[in-house]
Each structure stands twice: as C-alpha cells, then as structure tokens.
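Participant: Can you keep this structure in mind? I'll have questions shortly.
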Amino acid sequence: MSELPVVVIGAGPQGLAVAAHLTERGCDVIVLERGSGPATAVSEWGHVRLFSRWPELTDAASRRLLEPSGWTAPTDGYPTGAEWIVRYLAPLAEVLGERVRYSTTVTGVARKGRDRVVESGRAGQPFVVHAIGADGEELRIGARAVVDASGTWGRPNPAGAEGLPAIGETGFASHISYRIPDDVTAQAGRHVVVIGSGHSATHTVLRLTALARRHPGTRVSWLMRRGKAASRLLGGATGDALPKRAALGARARKVIESGLVDVIQGFRVAEFRADEEGLTIIADSGGAVSGVSHVFALTGFRPDLGMLSEVRVAWDPTLEAVAGIAADIDPNVHSCGSVGATGAVELTQPEDDFYIIGAKSYGRAPTFLALTGFEQARSVAAQLAGDLIAARSTQLTLPATGVCGGSGDFDGEGGGCCGNPLVQVGTVRARMELIPATADHAAENSDSTPARSIR
C-alpha cells in the first residue's frame, strides 16, 4: 500500500498547502479539484477583499516550493480573492504540476472491497476514491491515505431560520442568491433584502447602500435573526487586530445611522410568498417585509457529508464538525480570537489514514481561520510522513482578534460570530504535552481530519 499516493480532495488554499508539505517530505500526492483551475471556490468570491495582509495568507512549505521558480512572496497589502489566486495559489498549483488534476469531481471515498460496515481486514486495505473525470469517465483512484480539503462553499445555508429552506424558498430560487454579489447594478430602483449578520452580509449591505446613494429609489432591508446581540455582529471594535475588518463594521454602522438601510433584528424567516411587487418575506413571529425584488441570503455554510458515507468519520452532532475539535471551536462558546491551533492529534478519525482539514473540519462553525488551516495541513502532512514529533507540535502564533464573540444568548446580549469569507489570525495553543514519553512512540500511527479559510 505504501506505493500508492496520498489523495487530497480540493485544490483550495488548504488542499494545495498539504500537497506542498507532502511534496517537500518526498511523499507522492494527487490533488483532485472539481473546477477547471486552482481555488475554484475562491474565484467565486474573487471580487471580495480579504481582512488579512499577505504574510498571513501564504503557507511556509508552499513558499519554499515556490521560491526556486523566481516567485517572490508579497509582503504587504490586502488582496482580493482574485489577487490571492493570481499571485499565490495559481503559481503554487503550477509548481505542483501534474500532481493537481482539474475537472475531477469526487463522488465517494471507501476502503477497497469494503463498505462502511465491514470490519475484517479493513485497516490493511487502501482507499479507493471514486470520481468523475473531465470527459465524464468514472474513475477509481487508489490511495494510501485521503485528506479531504473540499471546504463548505458548495453548500450555503438556507434563508429559513430552522436550518431548513423556508416555505416557498425553493420555489422562488430565481429571486434568492446565496453569495456576495459582484455587480449589484441590476438591483437599482428595487427593494432588496439581505438576510444574515456576518461579514458576507455586511459586505453585501455596503455594496447595496452604495447603489442606493447613486439611485435614490433603491431600498435596502437587512434582516438579522438575532435580537439585541446584532449590534455586536457589526464589528468595528478598537481592539480588533484586523483593521480592515474593524473598518467594515464601522462603515456598516455609518450606513445604518444614515438611514440608507432598514435593519430589522430578531427576524427569523419562515416563509416566502408572492405579492404584486415581488415577494413578501414572513417571519416566524408573524411580521413581514413586502415588495421585495431580490434576496441575498448569507447565513453561512455547512459541509457536504455525502461523499464520505462509506468511511468511518466521527462528526460532532451539533456542528457537523470533526468531533475531536468541536468543543474548542463551538461558536456558542468561542470567538475567532479564542479558537486555537488544531492538527493531527485533535483531528484523529476512527478511519486510519483519513483526514479532514480546512473549513470542512469546522462544519457549521463560522470561526475558521486561514492560518489555522495551514497549521492543520502542516501537521497532517507530518503525520502522514511519519514525523510524529512535528505532527504533534504547534508552529503557529495567532494574536487575538478582539471583536468576534461567541453566540451567547441567542435572543439577548450575547456576542457575535464571524461570517464568510474570513481570513485572519487568532490565539495559540500548544500540543507538545500530548507526545507520550515512550521509546516506541515513533512506531505509532494516528490520524487526523476543515474549511475553513475561505474556500
């Protein structure tokens, strides 16, 4: 089985980073990417500027792999998603070369000749990754280990307050978008609604209110599920270590104070109905917003668990995050600034040599940081290469962000949480104490497992 490669699912920031670390360690690796180029998900929000400066947006092994090609690491500034791709992710994918296979959609992961139930001889069998290639051909790719870095971008949460589509939401799909818009000019003179209270929603509200300044007939309504806590979700605190994010919150407060946007707190969407001017959105409390032309539902993301139905994965029942890290990332308790580094120890799965890293490891938790994803990639690659000391060490320092709070009291004064896309820095947690003081420790074999940088 050792002659087989490690298969990485997803050529986003974390997928490419783990491939770079594995390559540096001399391990064979194949990266399977559903899109026609690297970081397909990032390209879909390429018009959005990140909160972090360039030094926080590149991985160490990736930089070392790139430098012999003449590439120079950007040292300052806040790139857009598109700039992140052009100046870093695309060059990295190019250096990795044929290790990255595009237009290949993974449909499932399993142990060779065994479904999820079969125990006999399971650990001794390689993985088989099922996929569909660019020409529609069905593929079975053998692997000694699998790293799922596919993120959560493909599964946005619905507008419905219970986590399920609201009544009428599916039927009115042509009137509802689930991504930060690039061009909002088509909404001029219309009544537009934004649902959500994270950074994606804030970005969208600012774009729409800028449109409203140019076209006074444009009406913007911002529906937030939380009550009094919503005011904290806007950020802008002076203690935020990310000045661009602080500025985003400050701009949001200004447009609210200017009257360019109507903010309705405690509005939990239950139903969409047609009216003479478009849609009426009805809350579970009975309140309604009418005459709506278009809705931007920006309520977060969740992982796709379907492709992993035949491998044994320990999911947290609440967050759909990797069980080993759920308590440390729970947004009911933690903020972006209090979530520490995670790696091979915390991400261990019941299935030997199977890992989930990046945004997907965080499930529905909105507290994922790009640098913690890079640390996951480094640690997991070390584990797969047999360097257990490196796998269990922490090589990351994250200054506190100072703004995001846990969700606290949903209806009251509790804090907020970070929305997508968000790339930033946070706090440190050591793992060195987890190394057993035994002579045979180097012979051990353990595993790890999300999303979420920006995916």
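Participant: Looking at Leu234, Leu208, which one is at pLDDT below 85 and either crowded, with 18+ Cβ neighbours inside 10 Å or touching a strand residue (DSSP E or B) at 6+ places or on another chain (Cβ under 7 Å) (or both)?
Facilitator: Answer to the check: Leu234.
Participant: I'd like the full set of residues that are under 16 Å from the mean Cα position of the chain (by Cα), of a type in the set (S, T, N, Q) and surrounded by fewer than 24 Cβ atoms within 10 Å (Cβ to Cβ), limited to region 1-51.
Facilitator: Thr40, Ser43
Participant: For region 284-316, enumerate the residues that are in a loop (DSSP other than H, G, I, E, B), closer than 26 Å to Thr170 by Cα and not basic (Lys, Arg).
Facilitator: Once the filter is applied, which keeps residues that are in a loop (DSSP other than H, G, I, E, B), closer than 26 Å to Thr170 by Cα and not basic (Lys, Arg), region 284-316 yields Asp284, Ser285, Gly286, Gly287, Ser293, Leu298, Thr299, Gly300, Pro303, Asp304, Leu305, Ser309.
Participant: Among the numbered criteria (1) part of a loop (DSSP other than H, G, I, E, B); (2) surrounded by fewer than 21 Cβ atoms within 10 Å (Cβ to Cβ), which single criterion is violated by Gly324?
Facilitator: (1)
Participant: For residues that are among the hydrophobic types (A, V, I, L, M, F, W, C) and at pLDDT below 95, scanning just region 43-72, find the one that is nearest to Gly133 (Cα to Cα). So that I can check it myself, show each step before the final result.
Facilitator: Applying the first criterion (among the hydrophobic types (A, V, I, L, M, F, W, C)) to region 43-72 yields 45, 48, 50-51, 54, 57, 60-61, 65-66, 71.
Now drop any that are not at pLDDT below 95, which leaves 45, 48, 50-51, 54, 57.
Values: Trp45: 25, Val48: 30, Leu50: 32, Phe51: 35, Trp54: 34, Leu57: 30 Å.
My answer is Trp45.
Participant: I want to confirm something. Restricting to region 82-130 and keeping residues that are of a type in the set (Asp, Glu) and under 30 Å from Glu310 (Cα atoms), which single residue is most open to solvent (accessible area, probe 1.4 Å)?
Facilitator: Residue satisfying both the conditions and the ranking: Glu98.
Rundown of residues vs (1) surrounded by fewer than 18 Cβ atoms within 10 Å (Cβ to Cβ); (2) in contact with a helix residue (DSSP H, G or I) (Cβ under 6 Å, 6 or more places away or on another chain); (3) at pLDDT below 95; (4) closer than 30 Å to Ala143 by Cβ, yes/no style:
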position	(1), (2), (3), (4)
Ala270	no, no, no, no
Ala288	yes, no, no, no
His294	no, yes, no, no
Ser309	yes, no, no, yes
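Participant: Return the pairs, sorted by first residue and then second, in which the second residue is of a type in the set (Gly, Ala, Ser) and modelled with pLDDT of 95 or more, the first residue lies in region 134-162 and is in a strand (DSSP E or B), the beta carbons are less than 7 Å apart, and the residues are 6+ apart or on different chains.
Facilitator: That search, which allows pairs on different chains as well, returns Leu139/Ala131; Leu139/Gly133; Ile141/Ala131.
Participant: Answer yes or no as to whether Leu57 is under 30 Å from Asp352 (Cβ atoms), aliphatic (A, V, I, L, M), in contact with a Leu (Cβ under 9 Å, 6 or more places away or on another chain) and buried (at least 24 other Cβ atoms within 10 Å of the Cβ). Outline the logic, then answer.
Facilitator: On the way: under 30 Å from Asp352 (Cβ atoms): no; aliphatic (A, V, I, L, M): yes; in contact with a Leu (Cβ under 9 Å, 6 or more places away or on another chain): yes; buried (at least 24 other Cβ atoms within 10 Å of the Cβ): yes.
So Leu57 does not fit the description; no.
Participant: If you don't mind, there's one more thing I want to ask. If you go through region 356-372 one residue at a time, do you hit one that is open to solvent by 10 Å² or more (accessible area, probe 1.4 Å), modelled with pLDDT under 90 and in a loop (DSSP other than H, G, I, E, B)?
Facilitator: Looking for residues that are open to solvent by 10 Å² or more (accessible area, probe 1.4 Å), modelled with pLDDT under 90 and in a loop (DSSP other than H, G, I, E, B), one finds at least one in region 356-372, hence yes.
The values are calculated or read from the model by the stated rules, or taken from the named source; none is laboratory data. What you see is a predicted model, and the numbers here were worked out from it, not measured in a lab. So basically every Cβ, Gly included, is an ideal-geometry build from the backbone, and we count neighbours across all protein chains shown. Note: accessible area is taken over every heavy atom of the protein model, side chains too, but ligands, DNA and RNA are not part of it. Shrake-Rupley method; radii C 1.70, N 1.55, O 1.52, S 1.80 Å.
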